[in-house]
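Novice: The following block contains the structure, expressed as structure tokens.
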Amino acid sequence: EKAAELMREEMRRSVGVERQRVAGMLYKEALNTHTLEEQARQLEEINTELADARQSLSELKDVEEETTTERVRQSSNMEAMQVQLQALQQSHQKNVEYIESLDDQLAVEQLAREESERSDSHAHAHAH
């Protein structure tokens, strides 16, 4: 009777631990998803700005009497934005990779847990 009680207690505890672990993971996932959405939004904004910059650049080219300095300024603006865009895309990619590696890690942990549960119940069967 005592042993059964202890086992139930142990089960309850491990379920609690597992729940906490899953909650922590879900929280991390949510954070990552938020970051990804945020980055996607920034990428869109920068793309729009780049399109605008290209537009005004071609308009500048049409208007030949515009000063060269204005065109240079526009060009360097575009370059700066393209650099920013690249940095964001890389960071976005890193986040995606991070989440994928988290998923892999979880799958591996899950398998390992199932393995050890199997060998535990196997050991118990032999003990009797």
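Nothing in this text is a laboratory measurement; each read-out follows from the coordinates by a stated rule. As the structure is a prediction and not an experimental result, all values here were calculated from the model. In this analysis, Cβ positions are derived from the backbone assuming ideal geometry, glycine residues included, and neighbour counts consider all displayed protein chains.
Novice: What FRET efficiency, computed as 1/(1 + (r/R0)^6) with R0 = 22 Å and r the Cβ-Cβ distance, is obtained for Ser91 and Val22, rounded to the nearest 0.05?
Specialist: 0.20
Novice: Would you mind computing the Rg to Rh ratio of the stretch 30-119 from its alpha-carbon coordinates, Kirkwood style for Rh?
Specialist: 1.37
Novice: Still on this structure: Calculate how steeply helix 2-62 sits against the longest principal axis of the alpha-carbon atoms of the chain, using the helix alpha-carbon long axis, and give the answer as 0 to 90 degrees to the nearest 10.
Specialist: So the inclination is approximately 10 degrees.
Novice: Taking the Cα centre of the chain as the origin and placing charges on Cβ (Lys, Arg +1; Asp, Glu -1), which of Leu111, Ser91, Leu43 is farthest toward the positive end of the dipole?
Specialist: Looking along the dipole axis, the top candidate is Leu111.
Novice: Show which aspartates and glutamates lie in cross-link reach of Lys61 when reach means a straight Cα distance below 12 angstrom and same-chain residues fewer than eight apart are skipped.
Specialist: Glu70
Novice: Then there is this: Let me have the relative contact order for the chain, percent, based on Cα pairs under 8 Å that are six or more residues apart.
Specialist: 30 percent
Novice: Name all residues of the stretch 1-37 having a backbone nitrogen under 19 Å from the label point set 7 Å from the Cα of Glu117 along its Cα→Cβ direction, giving them as ranges.
Specialist: Only 7-26 fall inside the zone, counting backbone N under 19 Å.
Novice: Here's a follow-up. Most exposed first by the Cβ proxy, i.e. fewest other Cβ within 10 Å, how do Met7, Met81 rank?
Specialist: Met7, Met81
Novice: Ok, one more. For Lys28, give me every one of the aspartates and glutamates with a C-alpha distance below 18 angstrom, ignoring sequence neighbours fewer than eight places off in its own chain.
Specialist: Output for Lys28: Glu18, Glu37, Glu38, Glu97, Glu100, Asp103, Asp104, Glu109.
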